[in-house]
1. Residue check: is residue 506 part of a helix (DSSP H, G or I) and within 15 Å of the ligand (Cβ to nearest atom)?
2. Take region 555-578 and flag every residue that is surrounded by fewer than 17 Cβ atoms within 10 Å (Cβ to Cβ) and part of a helix (DSSP H, G or I).
3. Residue 523 - would you say it is touching a strand residue (DSSP E or B) at 6+ places or on another chain (Cβ under 6 Å), within 17 Å of residue 553 (Cβ to Cβ) and part of a helix (DSSP H, G or I)?
4. So, in region 579-624, how many residues would count as being within 14 Å of the ligand (Cβ to nearest atom) and assigned to a helix (DSSP H, G or I)?
5. Looking at this structure, is residue 97 within 12 Å of residue 134 (Cβ to Cβ) and in the same structural domain as residue 141 (by TED's automatic domain parsing)?
6. If you scan region 53-92, which residues turn out to be under 16 Å from residue 130 (Cα atoms), in contact with a strand residue (DSSP E or B) (Cβ under 6 Å, 6 or more places away or on another chain) and surrounded by fewer than 24 Cβ atoms within 10 Å (Cβ to Cβ)?
7. Taking region 527-563 as the region of interest, how many residues are within 20 Å of residue 497 (Cβ to Cβ) and out of contact with any strand residue (DSSP E or B) (no Cβ under 9 Å at 6 or more places or on another chain)?
8. For region 287-336, name all the residues that are in a loop (DSSP other than H, G, I, E, B), without any contact (Cβ under 8 Å) to a residue 24 or more places away in the chain and under 31 Å from the mean Cα position of the chain (by Cα).
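The values are calculated or read from the model by the stated rules, or taken from the named source; none is laboratory data. A quick note: this is a predicted structure, and the numbers were derived from the prediction, not measured. Quick reminder, even Gly has a Cβ in these numbers, built from the backbone with ideal geometry, and neighbours come from all protein chains shown.
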Ligand SMILES: *[C@@H]1O[C@H](CO)[C@@H](O)[C@H](O)[C@H]1NC(C)=O
């Protein structure tokens, strides 16, 4: 009975409320003419802020967005590469059951700090081009929120960043902007699986035409005048430098084929200020820019410019050309765009006459994604002339095969147009310049307490050496430092002390066993002050702590300080080490950052997994 009454009461109140709300609503409608009813759009946990073009919006998040698979970068201010709803939970605006939030885009910044809060571990990020902040889902007075979100069609972080960053509008952009581009798209577009090449209306025929001088078919030139200007391929916003072979050896005919290839790529890319842009550098003895990124803003003009290129002649100094590209080509003055990845496609007939490995490494380190197309490489006894065997593989970054194309014959080069365009436009994979092995400052914190013992201590040093060996060590690559601790702490060597692998390995060998107590907390603080304050801002900071027992002091506050500084901390425990303590020291989630082995002789077993986790973590980080 009571229940029935209460239900009835409730429904009466409900009706009254409905009446009241509709009453208010309709009176609003009278005062504000034809104001559409605002409904808060809903998004999934995986939607990143960079995907949404609106500068300020309200959204409804589902439950469960605290899952670590929805990555969040930063604290309070989040990089736009973060899950919107994940960030909302991290910031405390939302609990695990979801709800409405208010999102406002703000400028990109450097040094997003990771932190653990409300069950979400956010990650650090050195730099990103756009950010956002979250506040409670209460609409502000006088602000109109979109009831349908505008999704940027791009699936790439770099292009996203580009879209959310204010850019000067050039006259060409105004000209080429179509209503479809300027009007908001009400629905999310499914990600396009392929690059522009496959959608391109008319792939340019090559091959059999290759012997004829002039490579633009007549019918094409005539239709092109009525064709609307290209709108660009927003999925492929890259700044591309074609580095072409103009050496004497290549010959006129092959040079011509090379130009046709370039033209076909330019065509397939559909160049535009909103999409890919392209310039050409030609090399012989010395390199020279034929035209840069901003000389020509569409495929037609670029093709016309390519047609005019004459071979330079001379040697095939590819390394020199790459250094030139690194130093000069990708400057802002040459049209390099913020937020668009830099790509250099190097064409090589046969083999280079100089060394390319070092020049390529420097190019990659300055953020250029280097692709090599080797045509008619050395065969048989020609191989003796190649000064750097396997140069193409050495020149590109680790993820091999993707960045180098080997082409048997100039006459089959046209088959590489589509594969190349696809790869160059696969912006998510253009992360060539930084790898997990060449971009960290790694501080080892080594327990030298009495319980370890002399012989085990040398096993620990071997472990440190084995981990270090995996990294590319130099002043601009990974750097390594070490601290040994007992009750006390001492700096064995700092990040800037050694800059080659042999020097580091020697220094590790020379670390003398100290013997004493175990103050792990104080050791972490010491490492923060003595090692990590001298870490470079663009480096990933890793701390690898090895201990064989429970600490005499509390590790919680020092560990938290390390995590807050964005230092990814691995805790390796041996023998009497306490798992709970390792879990506290280690970066969250502990299962990926804390390791325990029962005896020193088994320490070697954890080396591959630690390296694997370091790289997995690196690869889950977005890059500009
Ligand atoms: C280090 O590497 C050497 C050579 O591969 C191996 O014999 C040794 O067991 C490894 N030791 C540790 C502690 O990783």
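1. Working: part of a helix (DSSP H, G or I): yes; within 15 Å of the ligand (Cβ to nearest atom): no.
Spelling it out, it is not the case that residue 506 is part of a helix (DSSP H, G or I) and within 15 Å of the ligand (Cβ to nearest atom).
2. The answer is 556, 557, 560, 561, 564.
3. Details: touching a strand residue (DSSP E or B) at 6+ places or on another chain (Cβ under 6 Å): yes; within 17 Å of residue 553 (Cβ to Cβ): yes; part of a helix (DSSP H, G or I): yes.
The answer is yes for residue 523.
4. Summing the residues that are within 14 Å of the ligand (Cβ to nearest atom) and assigned to a helix (DSSP H, G or I) in region 579-624 gives 12.
5. Values: within 12 Å of residue 134 (Cβ to Cβ): no; in the same structural domain as residue 141 (by TED's automatic domain parsing): yes.
The answer is no for residue 97.
6. Within region 53-92, 55, 56, 77 qualify.
7. Number of matching residues: 2.
8. Matches in region 287-336: 331 only.
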